[in-house]
1. Being over 20 Å from Thr255 (Cβ atoms) and in contact with a Ser or Thr (Cβ under 7 Å, 6 or more places away or on another chain) is the filter; apply it to the stretch 97-123 and report the residue that is surrounded by the fewest Cβ atoms within 10 Å (Cβ to Cβ).
2. Just checking, does the stretch 52-63 include any residue being surrounded by 16 or more Cβ atoms within 10 Å (Cβ to Cβ), over 39 Å from the mean Cα position of the chain (by Cα) and not in a helix (DSSP H, G or I)?
3. What helices (runs of 4 or more DSSP H) completely inside the stretch 271-340 contain at least 3 residues that are under 21 Å from Tyr232 (Cβ atoms) and in the same structural domain as Arg205 (by TED's automatic domain parsing)?
4. Scanning for something of a type outside the set (Lys, Arg) and closer than 16 Å to Leu2 by Cβ, does the stretch 21-34 turn up at least one residue?
5. Please determine, by comparing only the residues of the stretch 158-180 that are closer than 23 Å to Tyr251 by Cα, touching a Ser or Thr at 6+ places or on another chain (Cβ under 6 Å) and not hydroxyl-bearing (Ser, Thr, Tyr), which one is modelled with the lowest pLDDT.
6. Could you tell me which residue of the stretch 144-157 is modelled with the lowest pLDDT, considering only residues that are exposed (fewer than 14 other Cβ atoms within 10 Å of the Cβ) and closer than 21 Å to Gly194 by Cβ?
7. Residues in the stretch 79-99 that are of a type in the set (D, E, K, R) and either more than 25 Å from Ser19 (Cα to Cα) or modelled with pLDDT under 65 (or both): how many?
8. Among residues belonging to the stretch 125-143 that are touching a strand residue (DSSP E or B) at 6+ places or on another chain (Cβ under 9 Å) and surrounded by fewer than 19 Cβ atoms within 10 Å (Cβ to Cβ), point out the one that is farthest from Gln163 (Cα to Cα).
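The values are calculated or read from the model by the stated rules, or taken from the named source; none is laboratory data. Only a predicted model underlies this, so the values are computations on that prediction, with no experimental measurement involved. Backbone-built Cβ (ideal geometry, glycine too); neighbour counts: all protein chains shown.
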Amino acid sequence: MLDKIQEVIDEISVTKVISKEDLENFRLKYISRKGVLNDLFEQFKAVANEQKRAVGQELNKLKNITEQRFKEFSDALENASEENTGLGLDLTLPVVPNFSGTVHPLTLTRQRVLEVFARMGFNHEDGPEVETDWYNFTALNFPENHPAREMQDTFFVEKKAVQKDDVLLRTHTSNVQVRLMERKKPPIRSIMIGRVYRNEAISARAHCQFHQIEGLYVDKNVSFKDLKDTLYHFAKEMFGKDTKIRLRPSYFPFTEPSAEIDVSCFICGGKGCNICKHSGWVEIAGSGMVDPNVLANSGIDPEEYTGFAFGMGVERITMLRYGINDLRLFFENDVRFLRQFEGA
């Protein structure tokens, strides 16, 4: 391998670069991820231990020489370009249009949500997308025979002998809540936003991957009223000061009592339209008081602490904010769609 390294050094020493095209070819051949230098470093992994020191020194020498030569060539071309500035320049040519970039609508919604909850004292937490059954289901009080554990609902990466050790793609960001409660003592006030996966057919209203927002507040004497007030403030900040909310009884394994959260339709003002299916209300979230079993599974004493949690879809909120009727548009990267959000 030492001979190969010396051969490359000799080759670089006689290489000439007289144009930007030559410079780019030099970079691609020697410095790029698929270049000679990277290939030699990959081969270095297989070198015998007794030879690694000598070979490593030569490799570093080659790396320094290559980078120095590239810099010399770049500087020489830049200086030559500066000397020729103005020669052959046609000032009558039209300017090149400057197309501004745009922020993805999901990112806009994510930023707005974080901004609203940050003002209420919530910090941002994150966690792994590839998770174990324990953090995704068992610790969250899902029964062993719960339908969500089945193959038709969850993407499993690896099935283990013990169910709680199964590896899967997380179906919600609640796994971050469990991990957070394990490592941090109350008070806890956090927002989790991330990508989740469910084995669903792709359509205008559903997708196998989407983004979820979850909130968690655990402390002494946290009540259902705290949950209601928090979501009411969020709804007004997100959808307008005249927005109203209502809570409908529901069931989730990890909260008790549980409630679905609806907001008054801000498109029709509650009078009824296609967006709200002529009901005057639009569902945005599920919520409830954290089940004592979940607190205990996470190492928090449910006799001393209580808490609330809620979850909502980023795509759902974005579709409501911008009047988008097809969820698939978020994942197609169609420039015609994305440019509508310039300056949003």
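1. Filtering first and then ranking leaves Asn123.
2. Scanning the stretch 52-63 turns up no residue that is surrounded by 16 or more Cβ atoms within 10 Å (Cβ to Cβ), over 39 Å from the mean Cα position of the chain (by Cα) and not in a helix (DSSP H, G or I).
3. Details: elements: 292-297, 314-322, 335-338.
Qualifying helices (runs of 4 or more DSSP H): 314-322.
4. Restricting attention to the stretch 21-34, the residues satisfying the condition of being of a type outside the set (Lys, Arg) are 21-26, 28, 30-32.
In the following step, the residues that additionally are closer than 16 Å to Leu2 by Cβ were identified as none.
Taking every residue of the stretch 21-34 in turn, none turns out to be of a type outside the set (Lys, Arg) and closer than 16 Å to Leu2 by Cβ.
5. So, considering only residues that are closer than 23 Å to Tyr251 by Cα, touching a Ser or Thr at 6+ places or on another chain (Cβ under 6 Å) and not hydroxyl-bearing (Ser, Thr, Tyr), the one modelled with the lowest pLDDT is Lys164.
6. Only one residue fits best here, namely Asp153.
7. Filtering the stretch 79-99 down to residues of a type in the set (D, E, K, R) leaves 82-83, 90.
The next check asks that each one be either more than 25 Å from Ser19 (Cα to Cα) or modelled with pLDDT under 65 (or both); those that pass are 82-83.
Of the residues in the stretch 79-99, 2 are of a type in the set (D, E, K, R) and either more than 25 Å from Ser19 (Cα to Cα) or modelled with pLDDT under 65 (or both).
8. Asp126
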